[in-house]
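**Q** The structure's right below; bear with me while I get my questions together.
Please treat every number below as a calculation from the coordinates, not as lab data. Only a predicted model underlies this, so the values are computations on that prediction, with no experimental measurement involved. Note: ideal-geometry Cβ built from the backbone for every residue, glycine included; neighbour counts use all protein chains shown.
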Amino acid sequence: MTWNPLKRNHLTQRPSPASPLLSHAEDRDLDVTIQKLIHAEDTIRKLTKEMKKYLEAVANLDRTDQRLSLNLSTSGMAHISDDLRRVVEDYHSVTSQVGKTVQEMIHLCQKTFIEPLKKLRDEFAYIALAIAKREELVANWRYVYNRVRKLQEKKDRTANHIAKLERERRVEEAAGKELRTVHAQLLVELPTFLDKRLEYIKPSVHALIMIQLDYYGNTTRLFTHLMPVHNSADSPGSAMIPEEEYQQLITGHMNQIRALTIVKDN
């Protein structure tokens, strides 16, 4: 079954209070923790969704580059002059190399970002089960608690009534004890999970930064080699044209474009 990042979250509701068995502070602490977990799961879902959209956009852009490069390479116009032919060949070479880089980048982002976040989000399913178990215990305890209250309100003091009341009290005590135990475990384990999630995510964020630096640095370097850049060092970031020369170059290109038949007024 394929994992769908758009599916609804595992955590969707806040915990029910269990007064007077649990104090207001105990109920509030768990409620605050679960609200943080709901926000965390939603954030993970959005991060995964946005990453998939980003990778799809990069892949679409690369496909467009590849198609443009192929069309230029197979066009008869590319062979009109040696200079144009060399530019087209260089462009085709660059897009071929960038295409391989794109595929590698997508693969690495899947392995180091999307898949780890998917595994982290899967943990929320187990948390949801634990919270559902607590809700079941709250309902059970509440049911027995109300039965005991009703028995206590009756004026009947026969032996059968007293025996029944004692049985219900023992059941209530056992249900309350189990609920307290589970509630206490959640108050320990859930905050620990919240703390550890950041430690878990950090390597994925670091890997993503390194992948982006490598991808955009390599792509910039490849495309920079297609342009006549003066006074540049080896680093793509230093491949800058002086502003005045850059404006003159752009103006010249725009004049050449305006002179083309396809942009002239009919």
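**Q** Taking a label point 7 Å from the Cα of S16 along the Cα→Cβ vector, which residues of the stretch 119-156 have an amide N closer than 12 Å to it?
**A** Within reach of a label on S16, which here means backbone N under 12 Å from a point 7 Å along Cα→Cβ, the stretch 119-156 contributes 132-146.
**Q** Cα-Cα over 25 Å: which of K133/K155; K133/K164; K36/K196; K53/K100; K119/K196; K133/K202?
**A** On the way: K133/K155 36 Å; K133/K164 28 Å; K36/K196 13 Å; K53/K100 19 Å; K119/K196 14 Å; K133/K202 31 Å.
Exceeds cut-off: K133/K155; K133/K164; K133/K202.
**Q** P(r) of the stretch 156-233 in 10 Å steps, Cα pairs, percent per bin?
**A** Each 10 Å bin holds this share of Cα pairs: 13, 17, 14, 12, 11, 9, 8, 6, 5, 3, 1.
**Q** Sort I131, I162 by Cβ crowding within 10 Å, fewest neighbours at the top. Before the final figure, lay out each step's value.
**A** Working: I131 23, I162 12.
Starting with the residue having the fewest Cβ neighbours, the order is I162, I131.
**Q** Dividing the alpha-carbon radius of gyration of the stretch 12-87 by 2.2 N^0.38 Å (N being the number of residues), what value is obtained? Mind dumping the intermediate values first?
**A** Numbers: Rg = 28.6 Å, N = 76, 2.2 N^0.38 = 11.4 Å.
So the stretch 12-87 has a normalised radius of gyration of 2.51.
**Q** Using only Cα atoms, what Kirkwood radius does the stretch 1-135 have, in angstroms? Can you show the working numbers first?
**A** On the way: mean 1/r = 0.0526 Å⁻¹.
Radius from the Kirkwood sum: 19.0 Å.
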